[in-house]
Structures are given as structure tokens and as C-alpha cells.
1. When the accessible area of segment 31-74 is computed with all protein chains present and a 1.4 Å probe, what percentage of it is carbon and sulfur?
2. Can you tell which of Pro222, Gly200, Phe190 lies farthest toward the positive end of the dipole of segment 148-248, using +1 and -1 charges on the Cβ of basic and acidic side chains (Lys, Arg; Asp, Glu)?
3. Tell me, what is the per residue accessible area of the chain in Å², probe radius 1.4 Å?
4. For the chain, give the magnitude of the charge dipole about the Cα centre (Cβ charges: +1 Lys/Arg, -1 Asp/Glu; no others), in debye to the nearest 20.
5. Order Ile124, Ile57, Ile109 by their accessible area, 1.4 angstrom probe, all chains in place, largest first.
6. Between Phe161 and Val66, what length comes free when the chain is fully extended (0.36 nm per residue of separation minus the Cα-Cα distance, one decimal in nm)?
7. With every protein chain left in place, what is the accessible area of Leu49 in Å² (1.4 Å probe, nearest 10)?
8. What are the residues whose amide H is under 5 Å from the amide H of Val159, where those residues sit 5 or more places off or on another chain and H is modelled from the backbone?
Amino acid sequence: MYPELFTVFGVTVSTFGLMLAVAFLVGSWLAGVRMEEEGLDREQASSILIYVIVGGILGAKLYYAVDVSIRDADRSFWELFLSRDGITWYGGLLLGTLAGALGCRIHGISVKRFADCAAVPAAIGQAIGRLGCFLVGDDYGRATDVAWGVRFPRGAPPVDFPVHPTQLYEAAWLLLVAALLWRRRKASPFLFGEYAALNGLGRIVIENWRVNPSVALGMTEPQWIGAGLIAAGLGGWLYFSSARRAAA
């Protein structure tokens, strides 16, 4: 694996950092395309995505720092929050969504319309981020003897035996989700709700090959969050579907 690309003036550029930047650039471009399709000003995509990026990174770091500091009393919140390592996608999704909604309010854009425009970019951006996790050897799965098992000798933490490359499983699932959402972008009553539900479903399934401990009823923390995403996504979809039928 290739956790570090190069060092410039004492600052190390990681492969995950590069893939995160690519994810945001691709997401911004796709969001602009979708906004233009919906009759919105595509130039505003970059403005709103600044809110999403700042909120997403802050939320991902906050979630990681709180979660790890609770489970490991020897590591302080601020040590974890200020470190370059460690972000948690779901924290980024939550705060990034809230920050994006705030940006929409400030710039006078419909939150629902922008959320629908962001559904496909979010799935693709998340997939690119998971490829970054694979390149740095983070978030891999359980030991396995399948032919496609991968060793991460420089991973976080290092592992010298084959494990499930669950980062690639999730990236593949998210790309399929993005393709489905793209096909449904004109028909769906709430595209972002479909993204949230499918995101949660994929994580619930893929967790079966990961190493996170169960926290309640045999489910891991990400599985519970995935269940919450399914409930929220389906709830929003049913609400907007009913509203569409009532307006017809």
C-alpha cells in the first residue's frame, strides 16, 4: 500500500488526503451538473460545497475524537481531534448535511432540491474516499482465505495476513448506488433519501466482514447508524412521495 506520496517542506502528503481532495473536486463538478439540470445556478454549487466540506471534515474529526476518547481513556479528545489521523465518515455526513442546509438557507436555495442534486456526488465522493482508505490500509476487514484477500503491512494498524478489503467492497457498492441514483434522478421523489437508505443498507451488510465489535443486539455501531440512515432515508422518501401525489 502507499500511505504517503511525498513530503514537501516537512509536510507529508498522504494518499488518503489526495483522494479526499479528488472526491471533493469530482463531487463539486457533479453537483454543478445536477444543479444545472434542475434549473439552478451551477456556480452556486461551489459556494454550498464549501459549507459541506468544512462541516464534513469538522464532523468527521469530532465523531472520531469523541468515539475513540470514550473507548480509550489514555487518549484525550484534543489529541485525537488535532491529529492528522482519523476521520469517521458518518460524523462527516451528519455535520456536512447540516452545514449544507445552512448554506442553502443563506444563499436562498431549496434545501431539498440541493440535497437531491448532491445525492449522486455524495455516493461517488464516498466511493473515492474509500479507495483512499484502501491505499493507506485503513478500515480493512477480518482475516480471510479468499483469493482476493489483501495484506496491509503498512496499514493502520499493520497486518501481515490476508484480510477482506472491505474498503473496496464499499466503494463498489457505492458506485452501483451512484449509477442507480443517476438513472432515477428525474423519477425519484427524494433522491437523497434513496442515497441515505442504500448507503445504510450497504454498510449493514459489509460490516459482517469488518472487525468492529457489537454494541447492542449483536449489531455494531456502524450498523446501528446504517439502520438510522435507512429509517431517515425511507421516512423522507415517503414524505415527499406523499407530497408529490397530493400535489398531482
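1. Values: 1340 of 2310 Å².
For segment 31-74, the apolar C and S fraction of the accessible surface comes to 58 percent.
2. The listed residue farthest towards the positive side: Phe190.
3. So the chain comes to 53 Å² accessible per residue, rounded to a whole number.
4. On the way: 21 positive and 20 negative charges, 154 e Å.
That gives the chain a dipole magnitude of about 740 debye.
5. On the way: Ile124 40, Ile57 80, Ile109 15 Å².
Sorted descending by solvent-accessible area, the residues read Ile57, Ile124, Ile109.
6. 31.2 nm
7. 30 Å²
8. For Val159, the qualifying residues are Phe152, Arg154.
The values are calculated or read from the model by the stated rules, or taken from the named source; none is laboratory data. Owing to the predicted nature of the structure, the values given are computational and were not obtained by experimental measurement. Positions of Cβ are backbone-derived with ideal geometry, glycine not excepted, and every protein chain shown enters the neighbour counts. Surface accessibility is based on the protein's heavy atoms, side chains included, excluding ligands, DNA and RNA. Shrake-Rupley method; radii C 1.70, N 1.55, O 1.52, S 1.80 Å.
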